[in-house]
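Below you'll find the structure, written out as structure tokens, and then a few comments.
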Ligand SMILES: [Zn+2]
């Protein structure tokens, strides 16, 4: 498995680290064709969370293909997140390479489910893994490299790793706390992965003190939890899930807090927005999610884009001229 996006000459990026179906095997029978390009946004936004290290789709897109398609749809910058050690190294190498698109930024962390595996010493295929401290030390080192704008994704996941498994639970909490400390040390925002763990995430953030810029990536809480987060000065990033038919609670959360502390993301290649749910996802599909955000908040699409862009630029300190 390649761990660097760069070839020997340092020019063209190498293929992604892995195929989506390696971790999402139920997908092997799904429609793997890329959805058509949507109508471009009237004002550009930034995709603040995607995973360019994953391959997906019946046609292989390079990093440059994803960036070009995004730009054509009105998504003029992206933050790519590396969340296990292979992806962390790939992301750091991509951002350091001469060939890296100018509009691309990144973030790295040990994902909560990965933290549990590092604590066990092996991955799901039984391959040996370094200890959690060593993994976080490498993340800390690479976050100091070029193009890194966020510590993430970290947090707690009681869906894929049971809360009742004490060793895993403690590993996730230790890892979350270490990443909170790292965000403060490096003065970077923190992107939180919170799956079925709202109460515990809140408890850790309150105990340790949240970094000044704290973002709930792929926000999944209800209206009460959204209010709780926004009142504490935190940011909520909405993914394609907000377009899903069964996501009434999520739309109620967005309606509750409005646009003030909201951002948009794809979490690509996952969470493809309606009407293409289940097919491959990439930043160029954000217009579908933005359409829903505008509708739910009762805002015109252009105004919603302007507000979200301004928030995203502030949180990640993108300079005005980021878009290449
Ligand atoms: Zn993600």
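The values are calculated or read from the model by the stated rules, or taken from the named source; none is laboratory data. Just so we're clear, the structure is a prediction, and the values are computed from it rather than from any experiment. FYI the Cβ positions are ideal-geometry reconstructions off the backbone, even for glycines, and counts take in every protein chain you see.
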Inter-residue pairs, beta-carbon under 6 Å, first more than 15 Å from residue 219 (Cβ to Cβ) and in segment 259-274, second part of a strand (DSSP E or B), 6+ apart: 268/50; 269/54
Matching residues in segment 88-100 - criterion: being part of a helix (DSSP H, G or I) and surrounded by fewer than 24 Cβ atoms within 10 Å (Cβ to Cβ): 89, 93, 95, 96
Given (1) in contact with a strand residue (DSSP E or B) (Cβ under 6 Å, 6 or more places away or on another chain); (2) within 16 Å of the ligand (Cβ to nearest atom), number of the condition residue 211 does not satisfy: (2)
Boolean, residue 292 is part of a helix (DSSP H, G or I), in contact (Cβ under 8 Å) with a residue 12 or more places away in the chain and over 28 Å from residue 108 (Cβ atoms): yes
Candidates 78, 172, filtered to the one that is assigned to a helix (DSSP H, G or I), touching a helix residue (DSSP H, G or I) at 6+ places or on another chain (Cβ under 6 Å) and within 16 Å of the ligand (Cβ to nearest atom): 172
Matching residues in segment 89-120 - criterion: being within 14 Å of the ligand (Cβ to nearest atom) and either in contact (Cβ under 8 Å) with a residue 60 or more places away in the chain or out of contact with any helix residue (DSSP H, G or I) (no Cβ under 6 Å at 6 or more places or on another chain) (or both): 91, 107, 109, 110, 111, 112, 113, 114
Selection within segment 295-320 - in a helix (DSSP H, G or I) and over 24 Å from residue 214 (Cα atoms): 295, 301, 302
Residue within segment 85-102 that is under 25 Å from residue 202 (Cα atoms) and over 17 Å from the mean Cα position of the chain (by Cα) present: no
Single residue of 151, 139 found to be within 16 Å of the ligand (Cβ to nearest atom), assigned to a strand (DSSP E or B), in contact with a helix residue (DSSP H, G or I) (Cβ under 8 Å, 6 or more places away or on another chain) and touching a residue at least 40 places away in the same chain (Cβ under 8 Å): 151
So residue 259, is it assigned to a loop (DSSP other than H, G, I, E, B) and either crowded, with 21+ Cβ neighbours inside 10 Å or more than 16 Å from the ligand (Cβ to nearest atom) (or both): yes
In segment 51-72, residue modelled with the lowest pLDDT [restricted to those that are touching a helix residue (DSSP H, G or I) at 6+ places or on another chain (Cβ under 6 Å) and outside any helix (DSSP H, G or I)]: 56
Every residue from segment 263-276 that is closer than 20 Å to residue 301 by Cβ and surrounded by fewer than 24 Cβ atoms within 10 Å (Cβ to Cβ): 274, 275, 276
Subset tally (residues that are under 13 Å from the mean Cα position of the chain (by Cα) and either within 15 Å of residue 44 (Cα to Cα) or more than 15 Å from the ligand (Cβ to nearest atom) (or both)) for segment 262-300: 5
